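The values are calculated or read from the model by the stated rules, or taken from the named source; none is laboratory data. Since we're looking at a predicted model, the values are computed, not measured. Note that each Cβ is placed from the backbone with ideal geometry, even for glycine, and that neighbours are counted across all protein chains shown.
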Amino acid sequence: MEHPCYKCGSNVEDGIPFCPQCNAPQIRVGGANAEAVFPAEPGGGSLPGHHGGTVIRWSDALPSAGLAGLIAAFLMFVPLGAFGLGMIAAGVLSVVFYRRRNPTSNLTPAMGTRLGAVGGTFGFGFFAIFSALGTLVFHSGGELRKALLDAIAQSAARSPDPQVQKAFEYLKTPPGLVLMMGLSLAVVLVAFLILSSLGGAVAAAMMRRKDRM
């Protein structure tokens, strides 16, 4: 037997709790013509898939994370920003901006972690683009290369191992410098993801605690 979904009107087989088309609950009481009953969730949230639920609405999350990542990338170029502040801000702001778009969203720390990770990914992307543009505009590539060579020379001086010395010599070559820059960017990406995820989780937990007060 089938019955029409109370929300979208598509046919739903009896016994199926959610509509396969719109995910609306099909729990009914008091006969066939009674309205659907929405089971309440702790904290006043609504069902997953609905506005204000515990499922991320990516149509709102992506713009929020993108804006947060853009701000975080700018913070990376101010004092203390590169020491983790900008990375944490990517996660915190992703949650804050998402909550502004969805005031009734029942955010959980897990949701905050995912939002923060996306914001951190955007933040790293913008940071890499701004760094590349700065190198082109201000011709700072030579200074960066000199700084890398100085760092390699200092590290090589601390180790008398011939194999280590050979590795350091390779790093002084153009392919070696490219490898070092690639590894450096990979480290920055990992740091962005870890710290922004942490920032998002903490921000979501604080909002959740505030909602319960």
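Would a scan of segment 158-180 turn up a residue that is at pLDDT below 75, loosely packed, with under 15 Cβ neighbours inside 10 Å, among the β-branched types (V, I, T) and assigned to a loop (DSSP other than H, G, I, E, B)? Yes.
Out of L189, L183, L136, L148, I need the residue that is over 30 Å from P109 (Cα atoms), part of a helix (DSSP H, G or I) and modelled with pLDDT of 75 or more. Which one? Break it down stepwise before answering.
On the way: L189 fails: over 30 Å from P109 (Cα atoms); L136 fails: modelled with pLDDT of 75 or more; L148 fails: modelled with pLDDT of 75 or more.
Every option except L183 fails the conditions.
For D150, the requirement of being among the acidic types (D, E), within 35 Å of the chain's Cα centre (by Cα) and either surrounded by 12 or more Cβ atoms within 10 Å (Cβ to Cβ) or in the same structural domain as M111 (by TED's automatic domain parsing) (or both) is met.
With respect to L85, determine if the residue is farther than 18 Å from K210 by Cβ, touching a Leu at 6+ places or on another chain (Cβ under 7 Å) and of a type outside the set (D, E, K, R). Walk me through how you get there before you give the answer.
Working: farther than 18 Å from K210 by Cβ: yes; touching a Leu at 6+ places or on another chain (Cβ under 7 Å): yes; of a type outside the set (D, E, K, R): yes.
Yes.
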